[in-house]
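The values are calculated or read from the model by the stated rules, or taken from the named source; none is laboratory data. As the structure is a prediction and not an experimental result, all values here were calculated from the model. Using ideal geometry, Cβ is built from the backbone for each residue, glycine included, and neighbour counts are taken over all protein chains shown.
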Amino acid sequence: MKGQRLKHVPMRTCVGCRRERPKRELVRVVCGPTGVVSTDPTGKAAGRGAYLCPEQACWELALKRKNLDQALKTTLSAEDYARLRSYAAAFAHSGLNGQQ
């Protein structure tokens, strides 16, 4: 293996459960320049971002404790909460809950 370098894997911390995982395994939530909070599947959207595990429990915990509000340095509206909760509910129905 001489001459080969190990590829750097960026790590991020889930704002719900506080576990550190590879960035690609987490879902990014971003507060854009206009103040709109949404999920960012590409991980490249402009704005302040926070990461969550693809598990409904992590999302519920982060929303209940207002960890997303703190991480994004904003106050989420009722519509933001509803949209993020429905996004998290899809994890339970899709069978992806914790399996990525």
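Structural remarks
- Looking only at the range 24-44, and only at residues there that are surrounded by fewer than 16 Cβ atoms within 10 Å (Cβ to Cβ) and in contact with a Gly (Cβ under 7 Å, 6 or more places away or on another chain), the one that is farthest from residue 61 (Cα to Cα): 33
- Residues that are free of Cβ contacts under 8 Å to residues at least 40 places away in the same chain and under 16 Å from residue 87 (Cβ atoms) within the range 1-26 comprise just one, 26.
- Within this structure, residue 48 fails the test of being surrounded by 17 or more Cβ atoms within 10 Å (Cβ to Cβ), touching a Lys or Arg at 6+ places or on another chain (Cβ under 8 Å), touching a residue at least 24 places away in the same chain (Cβ under 8 Å) and not polar (S, T, N, Q).
- Within the range 1-23, being surrounded by 14 or more Cβ atoms within 10 Å (Cβ to Cβ) and touching an Asp or Glu at 6+ places or on another chain (Cβ under 6 Å) holds for one residue alone: 13.
- Screening residue 90 against (1) modelled with pLDDT of 95 or more; (2) of a type in the set (A, V, I, L, M); (3) out of contact with any strand residue (DSSP E or B) (no Cβ under 9 Å at 6 or more places or on another chain) leaves a single unmet condition, (1).
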